[in-house]
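The values are calculated or read from the model by the stated rules, or taken from the named source; none is laboratory data. Keep in mind it's a predicted model, so treat the numbers as computed, not measured. Every residue, glycine as well, gets a Cβ built from its backbone with ideal geometry; the counts of neighbours run over all protein chains shown.
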Amino acid sequence: MLAVTRSFSKEFSNLKSIGIGSQKLLKYKLCTTLNQCQNVRFVHNNNDQRKYGQPTPITHPHLLKEGEVNVGIIKEEFVQRRKNLVDKILSSNRINGRGLIILPSARKKYMVDHIPYFFRQDTDFRYLTGCLQPQSLLVIDFTETTHQTYLLLNDNTAYEEKWEGPRFGFQEATEFFGVDEVLSVHSFQEVLTKLTKDKNKLNLWYDFLNPRDEEIHQDILEFIKSLGQVHNLNNIHPLRDVLHELRSVKSSAEISLMRKTCEIGALGLMKTISSSKHLSSELDYLATIDYYSRLAGASYLAYPPVVASGNNANTIHYIAATDTVRPGDMMLMDSGCEYHGYSSDITRTWPVSGQFTQAQEVLYDIVLECQQTLIKSIVPNETTIDDLYRRMLRELCKSLQHAGIIKEQEESAALRFVHLYCPHNVGHHLGMDVHDCATLNKNTPLVPGNVITVEPGLYIRQDNDKVPLEFRGQGLRIEDDILITKSNCEILTEGCPKSKKEIQNLVKRGV
Ligand SMILES: [Mn+2]
């Protein structure tokens with residue numbers, strides 16, 4: 001009971017310090033009594049059955065080590081990320097007053113009445129907090145010299161716990177996430193009003209043009225409008241750009257997670273290739289990659305995989321997976337998994353019979369050689385994704401001319417036709433999201449700690465009567481995930497073979 005009294009009085013003084021009135025406090029006190037009691041058990045009794053809003057080292061010691069907030073990432077790293085964000089903002093902005101960062105989490109969405117979609121936390125919110133609870137809010141209040149972090153969470157009531165599962169109590173969340181204070185998300189307007197009540201210049205970082213959560217966005221807009229009446233509101237800056245710059249350079253903990261998710265994704269794909277002779281429909285292949293990925297520890301597939309046999313591979317985003325697979329077909333599978341918040345993204349193309357036809361072999365050689373040339377050409381701190389794209393077009397052009405698929409002899413004339421056979425880009429950043437840090441400029445040199453995909457392809461539709469008959473109806477792509485290191489780069493997905501010989505042997509003989 002002593003801990004209850006002590007932690008409650010601490011929270012009481014926190015509330016007073018941000019000036020929430022006594023009536024509000026009474027309401028707050030009633031609804032957080034449950035939290036306070038749970039807090040005692042969190043700290044003092046590790047043997048009970050108490051669960052929280054997400055796995056913790058106490059409840060899930062098979063997943064998290066002591067001190068970790070998310071699998072593989074300790075609390076101090078999250079604290080450092082928030083500091084890095086503030087420092088980065090301050091390094092390019094003179095705020096001349098105070099700054100406020102507002103970042104909502106994802107909200108639960110429903111397919112139909114009471115049937116939720118699978119919940120996935122907002123990536124930026126997860127990156128800065130490690131908190132996996134929906135309908136939360138991160139607020140960072142900062143000046144040139146200090147910053148305070150507030151995490152606003154849903155109240156934990158017995159009713160909610162019964163239907164939705166447990167949530168963190170506020171005091172235990174303060175300790176677990178390493179923030180300065182945790183408050184009710186329902187009091188966010190009071191919290192923001194209090195934080196902005198002095199008449200100093202206010203600088204706001206909030207993604208108001210492309211909001212993450214429409215519902216709370218309306219309330220935040222109301223708040224911003226109310227600020228305009230009393231404040232010298234300097235500017236509203238978007239938050240994503242600066243966050244994506246930070247997220248694009250992976251820490252050593254993140255690199256370990258990227259290695260793991262790529263290892264699982266590559267292994268799953270290898271096992272799927274080697275199961276080919278037992279599989280007869282695209283759906284069989286989809287089920288197989290899903291099965292092997294989750295069995296190896298993936299949370300789920302990172303995106304609806306492309307499982308495209310034969311001519312279906314010419315539809316770049318083919319995700320229907322409704323066809324049967326014919327013996328002479330190649331299978332193009334673009335799949336990746338998510339492992340505790342980190343994604344892999346791999347593509348292989350192989351003959352389901354275990355033997356490429358001569359024409360398939362010609363096309364496969366072109367794509368593989370191009371991909372290997374591109375990976376070898378990466379120079380850290382120099383090469384950009386745009387460079388790789390231009391290089392890909394030139395390489396493919398040369399090979400397509402050689403194979404008689406592009407008839408034009410002049411390079412400049414021939415180059416105009418390459419996009420007909422490879423209409424997509426050469427790659428993208430990869431990390432917590434599959435298309436990671438999407439606001440980054442593709443013309444920025446790749447630096448150590450970046451992870452990108454390199455994924456040239458060739459697509460020749462069945463009805464393309466301009467190319468020799470034997471090439472028609474074939475679609476191929478080879479994609480690996482590449483970590484940029486200080487001296488060159490590391491292929492994180494090399495666990496899945498791609499040489500012609502190896503891939504044919506995999507189908508014929510299994511793993
Ligand atoms: Mn990709």
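Odds and ends about this structure:
- Single unsatisfied condition, ALA313 versus (1) under 28 Å from the mean Cα position of the chain (by Cα); (2) more than 25 Å from GLY427 (Cα to Cα); (3) buried (at least 22 other Cβ atoms within 10 Å of the Cβ); (4) among the small types (Gly, Ala, Ser): (2)
- Residue in region 366-376 that is of a type in the set (Asp, Glu) and closer than 23 Å to MET331 by Cα present: yes
- Within region 391-422, considering residues that are in a loop (DSSP other than H, G, I, E, B) and among the charged types (D, E, K, R), the one farthest from LYS466 (Cα to Cα): GLU410
- Where strands (runs of 3 or more DSSP E) fall entirely within region 123-225, those with at least 1 residues that are closer than 28 Å to SER343 by Cα are at 137-142, 147-153, 202-205.
- With respect to the conditions (1) out of contact with any Phe, Trp or Tyr (no Cβ under 9 Å at 6 or more places or on another chain); (2) crowded, with 17+ Cβ neighbours inside 10 Å, THR324 lacks only one, and its number is (2).
- Residue within region 64-85 that is among the aliphatic types (A, V, I, L, M), assigned by TED's automatic domain parsing to the domain that holds LEU227 and without any contact (Cβ under 8 Å) to a residue 12 or more places away in the chain present: yes
- Pairs where the first residue, in region 129-147, is farther than 20 Å from PHE170 by Cβ and in contact (Cβ under 8 Å) with a residue 12 or more places away in the chain and the second is outside any helix (DSSP H, G or I) and among the basic types (Lys, Arg), C-beta under 6 Å, 6+ apart: THR143/ARG98
- Filter pass, ASP290 being buried (at least 18 other Cβ atoms within 10 Å of the Cβ), part of a helix (DSSP H, G or I) and either at pLDDT 95 or above or in the same structural domain as SER105 (by TED's automatic domain parsing) (or both): yes
- Check on VAL69, modelled with pLDDT of 95 or more and part of a strand (DSSP E or B): yes
- Filter result (more than 8 Å from the ligand (Cβ to nearest atom), in a loop (DSSP other than H, G, I, E, B) and of a type outside the set (A, V, I, L, M)) within region 425-439: ASN425, GLY431, ASP433, ASP436, CYS437, THR439
- Filter result for GLN409 (more than 15 Å from the ligand (Cβ to nearest atom), polar (S, T, N, Q) and crowded, with 19+ Cβ neighbours inside 10 Å): no
Here is a yes/no grid of residues against (1) farther than 18 Å from VAL451 by Cβ; (2) surrounded by 22 or more Cβ atoms within 10 Å (Cβ to Cβ); (3) at pLDDT 95 or above:
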site	(1), (2), (3)
LEU227	yes, no, no
ASN235	yes, no, no
VAL249	no, no, yes
SER256	no, no, yes
LYS271	yes, no, yes
ASP284	yes, no, yes
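- Residues being more than 16 Å from the ligand (Cβ to nearest atom) and surrounded by 17 or more Cβ atoms within 10 Å (Cβ to Cβ) - total across region 327-353: 10
- Given (1) under 27 Å from TYR300 (Cα atoms); (2) surrounded by 17 or more Cβ atoms within 10 Å (Cβ to Cβ), index of the condition GLU160 fails: (2)
- Contact map, region 272-287: residues that are assigned to a helix (DSSP H, G or I) paired with residues that are of a type in the set (Ser, Thr, Tyr), Cβ distance under 6 Å, separation 6+ or inter-chain. Pairs shown: THR272/THR288; GLU282/SER309.
- Region 473-491 residues that are within 14 Å of the ligand (Cβ to nearest atom), paired with ones that are in a strand (DSSP E or B) and small (Gly, Ala, Ser) (beta carbon under 6 Å, 6 or more apart): ARG477/GLY457
- Taking the criterion of being in a helix (DSSP H, G or I) and either closer than 20 Å to LEU483 by Cβ or away from the ligand (no atom under 16 Å from the Cβ) (or both), the residues of region 294-326 that qualify are ARG294, LEU295, GLY310, ASN311, ASN312, ASN314.
- Within region 380-398, the residues that satisfy the criterion of being within 23 Å of THR493 (Cβ to Cβ) and without any contact (Cβ under 8 Å) to a residue 40 or more places away in the chain are ASP387, ARG391.
- Being without any contact (Cβ under 8 Å) to a residue 40 or more places away in the chain and more than 16 Å from the ligand (Cβ to nearest atom) is a property that holds for SER377.
- Every condition in (1) closer than 30 Å to LYS271 by Cβ; (2) away from the ligand (no atom under 16 Å from the Cβ); (3) in contact with a His (Cβ under 7 Å, 6 or more places away or on another chain) is met by ASN450 except one, and the failing one is (2).
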